[in-house]
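Accompanying notes for the structure given below.
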Amino acid sequence: MIKRKNRRQTRWWRLCSPVIVGIAVVATVGCAGTAPITGSDGKPIPGSIAVREHVHVNGRDQGVVIRGNDRTAPVVLWLAGGPGGSETGWIRSSLGALERDVVLVNWDQPGVGMSFSAADWDTVTVADFVDDTIAMSEYLRDRFHQDRIILVGHSWGSVIGLMAADRRPDLYSAYVGVAQQVNARENDRHGYDLALSAAAARGDRRVVRHLTEIGPPPYSPERGRDYLYLFQKVHVYSPHPAPEPSFAALLFPREYTLLDSIHVLQGLLKGVSRVYPQLNDLDFERTIPSVNVPVFFFTGRYDETCVQNITYRYYKALKAPHKEFVWFEQSGHNVPYQQPERLVREFRDRVLTRKSL
């Protein structure tokens with residue numbers, strides 16, 4: 001009887017396993033796309049663009065989601081935070097209104113999400129990301145037949161974004177630094193002191209003990225994971241004047257397969273621990289005292305991750321053909337997702353109205 005039952009189970013598995021495996025494969029790598037941009041009649045708006053695709057840039061296939069009501073509108077390349085982060089999900093859920101005015105390009109940087117296979121985290125450098133940013137900018141400029149595009153960098157994206165704008169001002173009609181990073185060593189020591197002090201005040205003895213054990217930054221590449229712990233605690237102990245965006249929205253937009261979502265997590269863990277230590281000597285006040293494009297800084301009043309007063313100090317000294325600084329009084333580090341309506345309004349009223357555009 002037992003042998004007969006085992007034979008039936010074996011036969012059942014042989015028959016059903018291909019189906020089960022097929023379902024798992026489809027769930028992991030299939031069923032992703034982006035919705036068309038439709039008018040009041042429910043039909044796609046003529047001349048609009050809404051695509052999720054891989055483009056061949058700098059010798060590798062890289063994932064982008066490109067959306068806009070009018071494909072002839074100014075092109076905006078959005079550089080997400082990280083290193084190794086993606087903001088496609090957050091942008092889709094929070095900044096859709098911007099698609100009425102621009103062609104908004106969400107690019108998964110090499111090593112994350114849709115572009116996971118485009119980078120080797122064991123060898124990739126900050127300079128590689130800057131090179132890719134410039135190459136993607138050239139691709140978008142040529143594809144959409146524009147003289148220049150607008151570059152937006154959030155957090156880590158503001159590091160490679162400002163570097164790209166400094167190297168190739170001919171590519172950009174404007175640069176927008178959202179939560180602009182300026183001086184990594186000063187910034188991260190501030191975050192460490194804040195987290196240690198706040199943890200002690202709350203009686204979080206385990207956190208105090210761990211922070212004391214790892215000591216203040218900077219950390220060497222061999223200790224890159226200590227940055228993961230530090231940044232998580234800085235976020236926890238920073239003021240939160242407005243609701244934070246949903247982590248689920250970040251991980252599971254309709255534009256991602258399950259595998260893409262897994263690669264977002266893997267990219268962030270690897271990027272922060274392996275690339276961020278390369279920024280230990282970052283000091284834009286010393287290396288980029290001027291930039292030859294119009295510059296806009298959008299900064300949260302309560303940002304303790306990319307410390308707001310360091311950014312403002314840099315802004316005051318920076319030389320640029322045009323510059324503006326906008327305080328977001330109800331935001332911390334995640335300005336675009338804590339005050340999305342205000343960001344869209346300021347972007348329209350300030351960045352898009354510049355005559356140079």
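The values are calculated or read from the model by the stated rules, or taken from the named source; none is laboratory data. Please read all numbers here as calculations on a predicted model, not as lab measurements. Using ideal geometry, Cβ is built from the backbone for each residue, glycine included, and neighbour counts are taken over all protein chains shown.
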* Taking only the range 44-62 into account, find how many residues are in contact (Cβ under 8 Å) with a residue 60 or more places away in the chain, in contact with a helix residue (DSSP H, G or I) (Cβ under 6 Å, 6 or more places away or on another chain) and not polar (S, T, N, Q). => 1
* Asked: Quick one: is Gly191 within 19 Å of the chain's Cα centre (by Cα), touching a residue at least 12 places away in the same chain (Cβ under 8 Å), under 20 Å from Glu304 (Cα atoms) and crowded, with 17+ Cβ neighbours inside 10 Å?
  -> no
* **Unique residue being modelled with pLDDT under 95 and of a type outside the set (Phe, Trp, Tyr) when the list is Gly84, Gly153, Gly157** => Gly84
* Asked: If you check Gly47, Gly84, which single one turns out to be within 20 Å of the chain's Cα centre (by Cα), in a loop (DSSP other than H, G, I, E, B) and more than 19 Å from Tyr139 (Cα to Cα)?
  -> Gly84
* Asked: Has the range 282-300 got any residue that is hydroxyl-bearing (Ser, Thr, Tyr), crowded, with 22+ Cβ neighbours inside 10 Å and in contact with a strand residue (DSSP E or B) (Cβ under 8 Å, 6 or more places away or on another chain)?
  -> yes
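Table: residues versus (1) closer than 30 Å to Gly33 by Cβ; (2) of a type in the set (Asp, Glu); (3) touching a Phe, Trp or Tyr at 6+ places or on another chain (Cβ under 9 Å); (4) at pLDDT below 95.
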{"position": "Val178", "(1), (2), (3), (4)": "yes, no, yes, no"}
{"position": "Asn187", "(1), (2), (3), (4)": "no, no, no, no"}
{"position": "Ala198", "(1), (2), (3), (4)": "no, no, yes, no"}
{"position": "Arg206", "(1), (2), (3), (4)": "no, no, no, no"}
{"position": "Pro241", "(1), (2), (3), (4)": "no, no, yes, yes"}
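Matching residues to (1) over 27 Å from Arg202 (Cα atoms); (2) not basic (Lys, Arg):
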| position | (1), (2) |
| --- | --- |
| Glu213 | no, yes |
| Pro221 | yes, yes |
| Arg225 | no, no |
| Leu228 | no, yes |
| His240 | no, yes |
| Pro253 | yes, yes |
| Ser261 | yes, yes |
* Asked: Pick from Gly63, Gly111: which is at positive phi, outside any helix (DSSP H, G or I) and buried (at least 20 other Cβ atoms within 10 Å of the Cβ)?
  -> Gly111
* How many residues does the range 217-250 contain that are surrounded by fewer than 17 Cβ atoms within 10 Å (Cβ to Cβ), within 18 Å of Asp281 (Cβ to Cβ) and either hydroxyl-bearing (Ser, Thr, Tyr) or under 21 Å from the mean Cα position of the chain (by Cα) (or both)? -> 1
* Asked: Can you name the residue in the range 145-170 that is among the charged types (D, E, K, R) and in a helix (DSSP H, G or I) and is also farthest from the chain's Cα centre (by Cα) among such residues?
  -> Asp170
* Structure fact -> Among the residues of the range 203-216, the number that are assigned to a helix (DSSP H, G or I) and either surrounded by 12 or more Cβ atoms within 10 Å (Cβ to Cβ) or aliphatic (A, V, I, L, M) (or both) is 6
* Applying the selection to the range 291-326, what residues are of a type in the set (Lys, Arg) and in contact with an Asp or Glu (Cβ under 9 Å, 6 or more places away or on another chain)? -> Arg301, Arg313
* **Exclusive hit being under 30 Å from Lys233 (Cα atoms), touching a residue at least 40 places away in the same chain (Cβ under 8 Å) and among the aliphatic types (A, V, I, L, M), set Val307, Val295** => Val307
